[in-house]
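Quick notes on the structure that follows.
The values are calculated or read from the model by the stated rules, or taken from the named source; none is laboratory data. Given the structure is predicted, the values throughout are model-derived calculations rather than measurements. For neighbour counting, all protein chains shown are included, and Cβ atoms are generated from backbone atoms with ideal geometry for every residue, glycine included. What goes into the accessible areas is simple: the full protein's heavy atoms, side chains included, and nothing from ligands, DNA or RNA. Shrake-Rupley method; radii C 1.70, N 1.55, O 1.52, S 1.80 Å.
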Amino acid sequence: MSEVIPVRVRLTTRMAQDGQEESYQFEEDGQLVTLANGQRYLRYTEHQAGQATPVQFRLGDGAIQLTRNGPVKTRLTFDRETKTTSRYHTPYGIIQLTDYRRIGRRIKLAPGQW
């Protein structure tokens, strides 16, 4: 039996490349799902530029896997202990991304919800 908790997702993304940094922030309604085996998923639909994109974070002990299923399909793994390589699919081709160890997560729930 799984447990589904409605949540408000507030996501801030910061990207740095060649000395330049970009950041954006948004909020969406979503769900925190805990399966019977204890595995947790954060699921929501991102609305940006008139496009609705389903997003899922698989929350592990040391790693987080991000999956986005929109016009550009993305699966990225972030691991505290290990350098990872992921393939980022774009309309222009596949980009290989490496070394994404810096990711933070904070989950806040209303009292009595955990």
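Figures for the structure shown
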| read-out | value |
| --- | --- |
| Of all accessible heavy-atom area on the stretch 9-83, the percent that carbon and sulfur account for (1.4 Å) | 41 |
| Accessible area (Å², per residue) of the stretch 1-85, counting only protein heavy atoms and a probe of 1.4 Å | 69 |
| Fluctuation leader among A36, A49, A63 - the chain, Gaussian network, Cα springs under 10 angstrom | A49 |
| GNM result for the chain, Cα springs below 10 Å: residue of Q17, Q31, Q96 fluctuating most strongly | Q17 |
| Proximal charge balance of P6 [Cβ under 13 Å; K/R count +1, D/E count -1] | -1 |
